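The values are calculated or read from the model by the stated rules, or taken from the named source; none is laboratory data. Keep in mind it's a predicted model, so treat the numbers as computed, not measured. Backbone-built Cβ (ideal geometry, glycine too); neighbour counts: all protein chains shown. Heavy atoms of the whole protein, side chains included, go into the accessibility calculation; ligands, DNA and RNA do not. Shrake-Rupley method; radii C 1.70, N 1.55, O 1.52, S 1.80 Å.
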Amino acid sequence: MKNESLHNHHGNLHELMENIPAEQQFFLAADVFSLLCDSTRLRILWLLCHTEECVSDIAAAVNMSSPAVSHHLRTLKQSGLITSRRAGKEVLYTLAGTKEAGLVHNMIDDIFEINCPR
């Protein structure tokens, strides 16, 4: 859309359109938001915002099978929202230290009215 075709309603739409992010950035943001539309992934993220856990403990906490939880963890890890580390024979998962993960953490705390010490 050309700026010349915009109506002038005395707002700052013309200035905004000069600085609009690339379409790819909107696709990436939509991908992150789509991950939050699943209540199981949201519960897993809620846990991992506040602790570091292995698959079996996460599965017990959300009352699901370990393979089902592993599927969700893989999706969240590929998105960059969580990270993992090996501790002996176990793999431990926690929220990533990225800007996007921090925003998800803040949102989760706000939605569930939690004041996280992290």
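Considering only the stretch 28-40, state which residues are open to solvent by 40 Å² or more (accessible area, probe 1.4 Å) and either farther than 21 Å from Gly97 by Cα or modelled with pLDDT of 90 or more (or both). Scanning the stretch 28-40 gives Cys37, Asp38, Ser39. Scanning the stretch 18-54 for residues being part of a loop (DSSP other than H, G, I, E, B) and not acidic (Asp, Glu) gives a total of 7. Residues of the stretch 15-27 that are open to solvent by 100 Å² or more (accessible area, probe 1.4 Å) and of a type in the set (Gly, Ala, Ser): none at all. Restricting Thr94, Thr98 to those that are touching a Cys at 6+ places or on another chain (Cβ under 9 Å) and at pLDDT 90 or above reduces the list to Thr94.
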